[in-house]
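Reading through the structure tokens given below for one structure.
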Amino acid sequence: MFWKKNVTLLKRKSVALYQEVCRHSIDETVYQVMESSNKEAYTVQIRQQRYDRKQYFFLHSKYHPYKEAVAFAEGNYNAQPEELVLYGFGLGYHVIEVGKRLQGNQRLSVFDINLDIFCLAMHYVDLESVFIHPNIILCVSEDGQEVAGQLRSVLHNQSKLMLHMPSVRAMPDQYEKLRFVLEDWNIQQSARSDYFELIQANYRENRMNQHSNVSSLFGSLQGKPIVIVSAGPSLNKNGHLLAQVKEKAFIFAVGSALKPLLRMGVTPDMFCIMDPQQITYKQIEGYENLDIPFVYLDSVHPYTVEKYQGPKYVASSDISDVPDTQKVQYGGSVATAVMDMAIRFGGNPIVFVGQDLAYTNNEHHADGSMYGEEKYIEPVSTMRKVKGQNGEWLYTRMGLLSFKHWIENKISDHPSLTFINATEGGALIEGCEHISLQNFISLYCDR
């Protein structure tokens with residue numbers, strides 16, 4: 001309907017994109033164009049095979065695509081940055097609406113690597129206002145590396161990023177890592193927004209404490225094995241073996257693994273809590289008088305810090321005013337923060353136990369529920385799947401996948417260190433040697 005008009009305007013806008021569009025043929029087995037219920041616009045139903053199941057979703061509202069686009073623009077447009085960045089062209093409705101709001105010399109760079117959907121937009125939507133707008137820059141191409149590189153360079157310029165999440169979800173499978181980065185960015189932004197005031201209030205109160213900074217321990221465990229213990233379901237399988245590790249390796253537990261370990265007769269050498277919510281007190285409730293060093297992020301809820309009577313160290317976050325060399329790289333999880341500290345303590349090898357990063361046997365945590373939730377998870381459509389150590393597919397969620405990728409990137413940044421996954425279940429962690437905990441003990445602790 002609009003192809004001839006759009007392609008003429010696109011040629012003036014970007015010859016390279018025009019040529020790419022003219023060469024492209026749409027995979028009609030994946031995309032089904034449908035008229036919206038109000039007969040005013042079109043949407044696309046997308047059919048995907050993800051992991052071991054089929055998924056169906058709509059790119060835009062099947063009822064009111066234009067109203068949805070207005071709501072997107074009103075919720076995401078920011079008049080302050082000189083440069084705005086949007087990932088996801090879709091059929092262009094929301095691009096048109098954001099374009100209407102650009103002020104002065106403000107620019108909008110639109111990124112997408114799904115040429116199938118862009119070509120469908122060329123057929124079904126009048127894109128004249130986008131193609132003639134001098135301040136809308138199109139960075140659309142099937143070359144994922146080129147798009148990712150351009151996206152990175154723009155973001156480094158302190159730009160404002162907007163995500164059209166259905167377009168992110170519609171990325172072809174070969175761009176899974178880029179899709180993950182954008183999905184994870186979206187989750188992190190939401191989390192920061194939800195807890196911003198709480199984190200700031202916690203930090204203001206915690207900075208009055210006189211506890212030593214954990215950076216004083218950096219380099220203190222050179223060449224010593226450090227076992228990072230998380231509370232994944234697999235900890236129930238082998239956690240008791242850690243009693244053989246005492247005095248031969250340093251056992252560094254996340255807070256949620258503290259009680260399960262103590263119930264197994266294992267006393268860790270240190271434990272850590274990072275979450276800003278007061279509910280983290282449940283991780284130490286009944287064990288406030290232990291003599292185990294406790295590391296807390298400076299944005300942890302002060303009630304948890306106050307209640308614990310044992311030795312305490314503070315870990316500085318990005319919001320603190322200490323030098324960067326003293327700050328702990330958080331990575332979004334207590335386990336990732338503990339990994340960063342273990343590396344900086346000088347540990348080698350660094351060993352993961354209970355680090356399932358998935359719902360092994362459909363269970364939440366080791367030793368049952370953590371905060372009163374059901375012991376077993378009920379799979380829902382928003383969950384993802386991850387390849388397990390035995391080649392099986394396991395249910396997981398975006399947050400756990402984020403931690404998995406962070407850990408794998410950290411491993412690749414330290415090629416001189418040995419990383420061992422002795423979880424004996426859960427997700428496969430690239431860069432780790434996967435062996436049983438008993439084998440680790442025999443190889444590194446009994447000699």
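The values are calculated or read from the model by the stated rules, or taken from the named source; none is laboratory data. Every value quoted in this text rests on a predicted model; they were computed, and no experiment measured them. For neighbour counting, all protein chains shown are included, and Cβ atoms are generated from backbone atoms with ideal geometry for every residue, glycine included. With ligands, DNA and RNA removed, areas are computed over all heavy atoms of the protein, side chains included. Shrake-Rupley method; radii C 1.70, N 1.55, O 1.52, S 1.80 Å.
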**Report entry** Among residues of the range 269-324, those that are among the β-branched types (Val, Ile, Thr) and under 12 Å from Val214 (Cβ atoms), counted
**Finding:** 3
Query raised in the report: If you check Val353, Val338, Val334, Val328, which single one turns out to be in contact with a helix residue (DSSP H, G or I) (Cβ under 8 Å, 6 or more places away or on another chain) and either under 19 Å from Ala249 (Cα atoms) or of a type in the set (Gly, Ala, Ser) (or both)?
Result: Val353
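Yes/no matrix, rows are residues, columns are (1) assigned to a strand (DSSP E or B); (2) of a type in the set (S, T, N, Q); (3) out of contact with any helix residue (DSSP H, G or I) (no Cβ under 9 Å at 6 or more places or on another chain):
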position	(1), (2), (3)
Lys385	yes, no, yes
Tyr395	yes, no, no
Leu400	no, no, yes
Phe403	no, no, no
Ser416	no, yes, yes
Gly425	no, no, no
Query raised in the report: Given Lys375, Lys404, Lys385, Lys410, which one is exposed (fewer than 15 other Cβ atoms within 10 Å of the Cβ) and in contact (Cβ under 8 Å) with a residue 12 or more places away in the chain?
Result: Lys375
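Residue-by-condition table, conditions (1) at pLDDT below 90; (2) open to solvent by less than 70 Å² (accessible area, probe 1.4 Å):
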position: Gln355; (1), (2): no, yes
position: Asn361; (1), (2): yes, no
position: His364; (1), (2): yes, yes
position: Met370; (1), (2): yes, yes
position: Ser381; (1), (2): yes, no
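Of a type outside the set (Ser, Thr, Tyr), out of contact with any Cys (no Cβ under 6 Å at 6 or more places or on another chain) and at pLDDT below 95: which single residue out of Asn105, Asn135 fits that description? Before the answer, list the steps.
Working: Asn135 fails: at pLDDT below 95.
Asn105 is the lone residue from the list that is of a type outside the set (Ser, Thr, Tyr), out of contact with any Cys (no Cβ under 6 Å at 6 or more places or on another chain) and at pLDDT below 95.
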Query raised in the report: Is there any pair linking a residue in the range 336-352 that is on the phi < 0 side of the Ramachandran plot and assigned to a loop (DSSP other than H, G, I, E, B) to one that is among the charged types (D, E, K, R) and buried (at least 24 other Cβ atoms within 10 Å of the Cβ), with Cβ under 6 Å and at least six apart or on different chains, and which?
Result: none
Query raised in the report: Can you pull out the residues in the range 287-332 that are of a type in the set (A, V, I, L, M), surrounded by 22 or more Cβ atoms within 10 Å (Cβ to Cβ) and closer than 24 Å to Ser402 by Cα?
Result: Val295, Leu297, Val300, Ala315, Val328
Requested in this report: Under 8 Å between Cβ atoms, at least 6 apart or on separate chains: pull out the pairs that start in the range 63-82 with a residue that is more than 22 Å from Val154 (Cβ to Cβ) and end on any residue that is among the charged types (D, E, K, R) and open to solvent by less than 50 Å² (accessible area, probe 1.4 Å).
Outcome: Ala69/Glu97; Val70/Glu97
Query raised in the report: Can you spot a residue in the range 31-53 that is open to solvent by 60 Å² or more (accessible area, probe 1.4 Å), at pLDDT 90 or above, part of a loop (DSSP other than H, G, I, E, B) and closer than 16 Å to Leu120 by Cα?
Result: no
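Can you name the helices (runs of 4 or more DSSP H) wholly within the range 166-285 that have at least 3 residues being open to solvent by less than 30 Å² (accessible area, probe 1.4 Å), modelled with pLDDT of 90 or more and more than 21 Å from Leu401 (Cα to Cα)?
Values: elements: 176-206, 235-238, 258-263.
The helices (runs of 4 or more DSSP H) meeting that bar are 176-206, 258-263.
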